[in-house]
Amino acid sequence: MESVYRYIEENQATYIEMLKEFCRQESVSTQNRGLKETAKMLQDYLQSINMKTEIIETTGHPIVYGESFQEGLKTLSFYNHYDVQPEDPIDLWESDPFGAEVRDGKLYARGSADNKGALMARICAIHAYQEIFKKLPVNVKFIVEGEEESGSPHIDEFIEKYPDKISADLCIWENGIVNNDGSFELKLGTKGMLYVELVARGANSDLHSSNGAIIENPAWRLIWALNTLKNENEEILIDGFYDKVFEPTDEEVKVIQELKFDEEETLSELGLDQFVANLKGINLKDKLFYKPTCTICGFNSGYTGEGTKTVLPSEARVKVDFRLVPDQDPEEIAMLLRKHLDSHGFNDIEIIIPESGSKAARTDLSLPVVKSVIRAMEKLHGIPPNIIPMSPGSGPMYKLCHQFGIPTMGFGVGNPYSNKHAPNENINLQDFIEGIKMVATVIHELGSMNNDTISKTKVIHQKQS
Ligand SMILES: [Zn+2]
């Protein structure tokens, strides 16, 4: 692999130029800006590394698909997205959000960290590998959607129609960061999600607040209902909520023991004195990575503008998200929530579920393919990856990979100060170059694993999932 690494270093200027070009192309999915052009651009990049490509239409923005196939090889898939978040507030940017300016070794652009840098690193890795070895040791599939930043609303259409385009022995997931100490963060799973809106209604219109003496206030009612969902010890009180929550294996416990998480720095950055329930150490990490949540995202009722307005609101609404863990099912949790509200006398409170939920994804740490990729990463970098067994965030990982028994490993080229979704989004160009090497390493490693290990891998995984 030394010659591949050398090739990457010698050609880094070209690769950086490609990344700049890609970042200069706007692709804001929520505002439908530049998606078609970006899809076409990406298709050209994939063709230039010998992928057979297709632009697959969905009800929303299309999926760009690329593959190289040869009978008998193992398959590595890449899941990414070509869309980015809107760039506002634009006046807080120090340079054009789509200018891809380089300052102090950093490239500043909307989408550089999330996730055009990671995607381009994958493309460049395949380029470099082919330049040196003339062919790939694995089959490759690129699944690149254009709506990740809008919650992947149409990925199901693709999954249902093209299960053959999804099948793989290993999927390299979207993104990740390189930590301050140079270690790559390696994400093996994600939490699931149920998002609900609860609505309490009172009189058929807002009233003078003097009526508060005799007319029920829906804002109070919603607060009383919320008060039954969670207590001050961070326990979620919905009956049956924890029934299916998984028990981490010894290996999973060990991984979070070793996982680097700087409590002091995090607290000081946030201007806080302590975490919830004053959790620390392993208990804090266990809560962050392995426990479900119930979070009030926003509450809306009555008058909240300037000055005073004495009003009795006719309606109160709250948005709540639940980050779920294996094996909680979002539909089942929604039913439990309904039952819970009913049994606490809140059957008048409506539950609106604006989008279908997602299940948590969990890659089995004991899989040979997982172990060998981790070893290869450590060998390249001289420092073990920081393994995040289950990302506290969510995404379509279960739908795209885990329901088919495909193990997932996510890493990328962002950093802790990348400002994803925020002004001055950036990546370190050095991380981008190291990221290209890392992808080439994984390709090489998977290609050199023998077929028996891989096929056994799949069976073990399916039995456990
Ligand atoms: Zn994002």
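The values are calculated or read from the model by the stated rules, or taken from the named source; none is laboratory data. A quick note: this is a predicted structure, and the numbers were derived from the prediction, not measured. No Cβ is skipped: glycine too gets one built from the backbone with ideal geometry, and neighbour counts run over all protein chains shown. Ligands, DNA and RNA are excluded from the accessible area calculation, which covers all protein heavy atoms including side chains. Shrake-Rupley method; radii C 1.70, N 1.55, O 1.52, S 1.80 Å.
Quick check on E54: is it more than 21 Å from the chain's Cα centre (by Cα), more than 21 Å from V442 (Cα to Cα) and at pLDDT 95 or above?
Taking the combined requirement at face value, the residue satisfies it.
Would it be correct to say that N204 is out of contact with any helix residue (DSSP H, G or I) (no Cβ under 8 Å at 6 or more places or on another chain), modelled with pLDDT of 95 or more and away from the ligand (no atom under 16 Å from the Cβ)? Before you say what the answer is, go through the steps one by one.
Details: out of contact with any helix residue (DSSP H, G or I) (no Cβ under 8 Å at 6 or more places or on another chain): yes; modelled with pLDDT of 95 or more: yes; away from the ligand (no atom under 16 Å from the Cβ): yes.
In short, yes.
So, in region 148-202, how many residues would count as being open to solvent by less than 30 Å² (accessible area, probe 1.4 Å) and assigned to a loop (DSSP other than H, G, I, E, B)?
10
Could you go through region 425-440 and let me know if any residue there is part of a loop (DSSP other than H, G, I, E, B), more than 14 Å from the ligand (Cβ to nearest atom) and not β-branched (V, I, T).
Taking every residue of region 425-440 in turn, none turns out to be part of a loop (DSSP other than H, G, I, E, B), more than 14 Å from the ligand (Cβ to nearest atom) and not β-branched (V, I, T).
Could you run through region 1-59 and say how many residues are under 30 Å from K161 (Cβ atoms) and of a type in the set (K, R)?
Residues meeting the conditions: 4.
Within region 117-147, how many residues are open to solvent by 10 Å² or more (accessible area, probe 1.4 Å), away from the ligand (no atom under 12 Å from the Cβ) and charged (D, E, K, R)?
So the count comes out to 4.
From the list D96, D88, pick out the single residue that is over 22 Å from T190 (Cβ atoms), open to solvent by 30 Å² or more (accessible area, probe 1.4 Å), within 16 Å of the ligand (Cβ to nearest atom) and among the acidic types (D, E). Quick ask: steps written out before the conclusion?
On the way: D96 fails: within 16 Å of the ligand (Cβ to nearest atom).
Matching residue, one of D96, D88: D88.
Within the group S112, S77, which residue is closer than 25 Å to G405 by Cα and at pLDDT 95 or above?
S77 is the lone residue from the list that is closer than 25 Å to G405 by Cα and at pLDDT 95 or above.
With the structure loaded, tell me whether E54 is free of Cβ contacts under 8 Å to residues at least 24 places away in the same chain, more than 16 Å from the ligand (Cβ to nearest atom), in a loop (DSSP other than H, G, I, E, B) and over 23 Å from I16 (Cα atoms) or whether it fails that test.
Answer is no for this residue.
Of the residues that sit in region 160-201 and are under 21 Å from T295 (Cβ atoms) and charged (D, E, K, R), which one is nearest to the ligand (Cβ to nearest atom)?
K187
Kindly indicate whether Y79 is open to solvent by less than 80 Å² (accessible area, probe 1.4 Å), of a type in the set (F, W, Y), on the phi < 0 side of the Ramachandran plot and more than 16 Å from the ligand (Cβ to nearest atom). Talk me through it step by step, then tell me what you get.
Working: open to solvent by less than 80 Å² (accessible area, probe 1.4 Å): yes; of a type in the set (F, W, Y): yes; on the phi < 0 side of the Ramachandran plot: yes; more than 16 Å from the ligand (Cβ to nearest atom): no.
Answer is no for this residue.
Here's a check for you: in region 156-179, which residue that is over 19 Å from L76 (Cα atoms) and of a type outside the set (D, E) is modelled with the lowest pLDDT?
Only one residue fits best here, namely N179.
Counting only residues that are open to solvent by less than 60 Å² (accessible area, probe 1.4 Å), charged (D, E, K, R) and farther than 20 Å from L198 by Cβ, give me the helices (runs of 4 or more DSSP H) lying completely in region 222-303 with at least 2 of them.
So the answer is 281-290.
When both residues are 6+ apart or on different chains and their Cβ atoms are under 6 Å apart, which pairs have a first residue that lies in region 79-101 and is part of a strand (DSSP E or B), and a second that is within 16 Å of the ligand (Cβ to nearest atom) and polar (S, T, N, Q)?
Going by the 6 Å Cβ cut-off, the qualifying pairs are N80/N115; V84/S27.
Can you report the number of residues in region 1-41 which are assigned to a loop (DSSP other than H, G, I, E, B) and either under 30 Å from P137 (Cα atoms) or at pLDDT below 95 (or both)?
3
Restricting to region 80-109, name every residue that is under 30 Å from I406 (Cα atoms) and of a type outside the set (D, E).
Selection gives N80, H81, Y82, V84, Q85.
Kindly evaluate L107 against the criterion of being out of contact with any Ser or Thr (no Cβ under 9 Å at 6 or more places or on another chain) and within 16 Å of the ligand (Cβ to nearest atom). Let's see the steps before the verdict.
Values: out of contact with any Ser or Thr (no Cβ under 9 Å at 6 or more places or on another chain): yes; within 16 Å of the ligand (Cβ to nearest atom): no.
Judged against the criteria, L107 is not a match.
Could you please tell me which pairs satisfy a Cβ distance under 8 Å, a separation of 6+ or placement on different chains, a first residue in region 407-421 that is at positive phi, and a second residue that is assigned to a strand (DSSP E or B) and within 15 Å of the ligand (Cβ to nearest atom)?
Listed by first residue and then by second, the contacts come to N419/N426.
Residue by residue through region 333-361, note down the ones that are open to solvent by less than 70 Å² (accessible area, probe 1.4 Å), within 30 Å of T408 (Cβ to Cβ) and outside any loop (DSSP other than H, G, I, E, B).
Once the filter is applied, which keeps residues that are open to solvent by less than 70 Å² (accessible area, probe 1.4 Å), within 30 Å of T408 (Cβ to Cβ) and outside any loop (DSSP other than H, G, I, E, B), region 333-361 yields I333, A334, L336, L337, S358, A361.
Consider region 70-91. How many of its residues are closer than 23 Å to E157 by Cβ and more than 17 Å from the chain's Cα centre (by Cα)?
Residues meeting the conditions: 1.
For D114, which of the numbered conditions (1) part of a loop (DSSP other than H, G, I, E, B); (2) under 21 Å from L429 (Cβ atoms); (3) within 16 Å of the ligand (Cβ to nearest atom) fails to hold?
Tallying (1) part of a loop (DSSP other than H, G, I, E, B); (2) under 21 Å from L429 (Cβ atoms); (3) within 16 Å of the ligand (Cβ to nearest atom), D114 fails exactly one: (1).
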